[in-house]
Amino acid sequence: MTTVTRYVKPAKATSAFNEGVLKLTKLGVSFLGSRVLTIRGRKSGEPRSVPVNLLELDGERYLVAPRGVTQWVRNLRVAGEGQLSVGRRTETFTYTELTDDEKPEILRAYLKRWKFEVGVFFDGVDAKASDEKLLEIAPGYPIFKLT
C-alpha cells in the first residue's frame, strides 16, 4: 500500500455527470459497469454513496480510484467494507488493497475500458503505456481487489 495522497478534485461537469450516473445506477441502469458504492463515513458514520466503475478481469473484481485518494477511498480504508448496488441488487464486500507492483495490469485494463471517461485523470497515460510508466504512476491510483 502507498502513502501518496494524490487527489484530483472533480470539476463541476464531472460532478454533474457523476450525479446522473448515480441516479441511473440506483434505478438499475448500469452505465458500462457502473455501480453505486456505499460506505460508512469515517467521521459521521453516515452512509455515503458515489458511482464507481467495477472492473472485472480474469475472474476478479476491482475498484480503481482514478482521482486518487478521494473521500470514498479514505472511508473504505477506515470502514474495511462497502456495498455495491445496481438498482435493488446490493452486495457487501471486503477488499485487499493492491501494492504498486500489482497495479500495472489493472490500470491498463481500466484505461482500456474507461479512458474516454477517466483519461483526463491520467495525464496522457493510456492503455498502451509501458509497464514502467504504469509502475511510475501507480502510487497515485488506489486499487482495491474485492473479496
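Side notes on the structure shown:
- Among L54, L32, L24: highest mean-square fluctuation, GNM of the chain, C-alpha pairs under 10 Å: L32
- The translational diffusion coefficient of segment 12-146, from Stokes-Einstein at 37 °C and 0.692 mPa s with a Kirkwood hydrodynamic radius over alpha carbon pairs, comes to 216 µm²/s.
- Evaluating 6.51 cos²θ - 1.76 cosθ + 1.60 at θ = phi - 60° for every residue in segment 55-61, the Karplus couplings come out as 8, 10, 9, 6, x, 10, 10 Hz, glycine and proline recorded as x.
- Of A11, A79, A129, the one that fluctuates the most in a GNM where the chain has Cα springs shorter than 10 Å: A11
- Sequence-ordered 3J(HN,Hα) estimates for segment 130-147 from the Karplus curve with 6.51, -1.76 and 1.60 and θ = phi - 60° stand at 5, 4, 4, 5, 5, 5, 5, 8, 3, x, x, 10, x, 9, 10, 8, 6, 10 Hz, glycine and proline given as x.
- Computed over the chain, the per-residue total of -39500 (n - 2.57) for DSSP H runs of n ≥ 4 gives a 222 nm mean residue ellipticity of -9500 deg cm²/dmol, rounded to 500.
- Gyration tensor verdict on segment 1-92 (Cα atoms; rounded if a/c is under 1.5, prolate if a/b is larger than b/c, oblate otherwise): rounded
- The residue among F116, A16, T99 whose Cα reaches farthest toward the positive pole of the charge dipole of the chain, with charges on the beta-carbon of Lys, Arg, Asp and Glu, is A16.
- Segment 5-51 and segment 110-147 have their alpha-carbon centroids 19 Å apart.
- By the count of neighbouring beta-carbon atoms within 10 Å, fewest first, W72, W114 end up ordered W114, W72.
- Cβ crowding within 10 Å ranks T92, T38 as T92, T38, fewest other Cβ atoms first.
- Close Lys pairs in segment 12-146, defined as Cα atoms under 12 Å apart and 8 or more places apart or on different chains, number 4.
- Charging the Cβ of each Asp and Glu at -1 and of each Lys and Arg at +1, and nothing else, the dipole of the chain about its Cα centre rounds to 800 debye.
- Residue exposure proxy: Y7, Y141, ordered by other Cβ atoms within 10 angstrom of their Cβ from fewest to most, comes out as Y7, Y141.
- Kyte-Doolittle mean at least -0.5 and Cα axial length at least 30 Å: DSSP H helices in the chain: none
- In loop segments of segment 89-147 as defined by DSSP, the trypsin sites (Lys or Arg not before Pro) with at most 13 further C-beta atoms inside 10 Å of their C-beta are K128.
- Annotation: amide H of R48 within the under-5 Å range of I39, R40, G41, sequence separation 5 or more or interchain, hydrogens built in the peptide plane.
Coordinate-derived values only; no laboratory data. All of these numbers come straight from a predicted model, not from anything done at the bench. When we count neighbours, we look across all protein chains shown, and the Cβ atoms used for this are built from the backbone with ideal geometry, even at glycine.
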